[in-house]
Amino acid sequence: MELRIFTEPQQGASYETQLTVAKAAERLGFDGFFRSDHYLKMGSVDGMPGPTDAWITLAGLARETTRLRLGTLVSPVTFRLPGPLAISVAQVDAMSGGRVELGLGAGWFDEEHTAYGIPFPENKHALLEEQLAIVTGLWGTPVGETFSFTGEQYRLADSPALPKPAQPQIPVIIGGGGLKRTPRLAARYASDFNAGFINVDETRARFDGVDEACRKIDRDPKTLTHSIAQVLCVGRDEAELAKRAAAIGREVDELRANGLAGTPAEVVAKLERFAAIGTERAYLQVLDLSDLEHLELTAAEILSRV
């Protein structure tokens, strides 16, 4: 199973902190470094020094790393227009030598929109569907041809559809718990369907739903990567585990029930249960970015065993 580091920088992380974690992830052998795309902290943390823009951050990391896959989990469609988004992501992909992936979602956190003057429309899901069509359409238009699109939300006329990404097609990540729209969009546009922060049984049900959506459009479900996201909290013993849980304001028992928490052997066993239902990739949500020993332990005792 591929293991990727997934961070929440809006909770309090400078670019330099994210760079340190990304470089450690690359050195330790993780498959990727992904980050949320938010402009406002959540919960009781102070969020200092303040938010960092996801795609500006990833552009910097693209030039400072050599192997890691880089991307968002996920970028809200409310933040950016689809044409400029396609340009930004294609440019970062070129800057990385073809290592970028775009997670795209409808957006949900209305307070961050209010805090920074970003409209928060009711038709977010309609925006998502059209943005997926536009972004992938722009990237997929052959050089020398133009792209046009007429929808209810956006209209593009004779776009040169430039720049092109370094990859033939940038992988798109779609996730969520919708029973109809989400599986349908993932089957049509995604390279990676992410089931999110749920248990094994719920994950199996979401995988079954997206597999069925693939079959309805004659797509082989095996061409879609099936992934999960889980908070990570690993300790060699109970004392170390409790210390790491306290550092992120969580309880050990709750983390064991709802995340990848426990000793390395416990976490490996849980990942094996996810693997048994078809999980091919895990995004490990690391909430304490100052604890590089946590990454080192995970790499040494878990990465090599899954």
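Things worth noting here:
- For residue 38, the accessible surface of its heavy atoms amounts to roughly 20 Å² (probe 1.4 Å, protein chains only, rounded to the nearest 10).
- Length-normalised contact order for the stretch 143-207 - Cα pairs under 8 Å, 6+ apart - percent: 22 percent
- Student exercise, the stretch 110-167 dipole from Lys, Arg, Asp, Glu Cβ charges, in Debye to nearest 20: 320 debye
- DSSP beta bridges fully contained in the chain are about 10 percent antiparallel.
- All other residues whose Cβ lies under 11 angstrom from that of residue 204 are scored, Lys and Arg at +1 and Asp and Glu at -1, for a net of -2.
- Residue 276-residue 17 FRET efficiency (beta carbon distance; Förster radius 41 Å; 0.05 resolution): 0.70
- Potential extension, residue 81-residue 238 segment - 0.36 nm per residue separation minus Cα distance: 51.8 nm
- Our note on the geometry: Cα centres of the stretch 57-93 and the stretch 225-249, 27 Å apart.
- Note on residue 254 and residue 208: the model spin-label points, each 7 Å out from Cα along the C-beta direction, lie 3.0 nm apart.
- Residue 223/residue 123 FRET efficiency (R0 35 Å; Cβ-Cβ; nearest 0.05): 0.70
- For residue 180, the lysines whose Cα falls under 22 Å of its own Cα, not counting residues fewer than eight places away in the same chain, are 124, 216, 222.
- Across all Cα atoms of the stretch 148-306, the radius of gyration (one decimal) and Dmax (whole number) stand at 19.1, 62 Å.
- Residue (of 87, 113, 306) at the positive-pole extreme of the chain, dipole from beta-carbon charges: 87
- Student exercise, the stretch 147-258 dipole from Lys, Arg, Asp, Glu Cβ charges, in Debye to nearest 20: 420 debye
- Most tightly packed first, judged by the mean number of other beta-carbon atoms within 10 Å of their residues, the peptides 278-285, 116-123, 105-112 read 278-285, 105-112, 116-123.
- log₁₀ of I(q)/I(0) at q = 0.18, 0.20, 0.23, 0.28 Å⁻¹ - the stretch 190-265, Debye sum with one point per alpha carbon: -0.73, -0.80, -0.93, -1.19
- Alpha-carbon Rg with Dmax, taken over the chain, Å: 19.1, 62
- Taking a quarter of the surface of the Cα convex hull of the stretch 215-306 gives a mean projected area of 6.8 nm².
The values are calculated or read from the model by the stated rules, or taken from the named source; none is laboratory data. No experiment lies behind these values; they were computed from the predicted model shown. When we count neighbours, we look across all protein chains shown, and the Cβ atoms used for this are built from the backbone with ideal geometry, even at glycine. Each accessible area value is taken on the protein alone, full model and side chains, heavy atoms only, with ligands, DNA and RNA left out. Shrake-Rupley method; radii C 1.70, N 1.55, O 1.52, S 1.80 Å.
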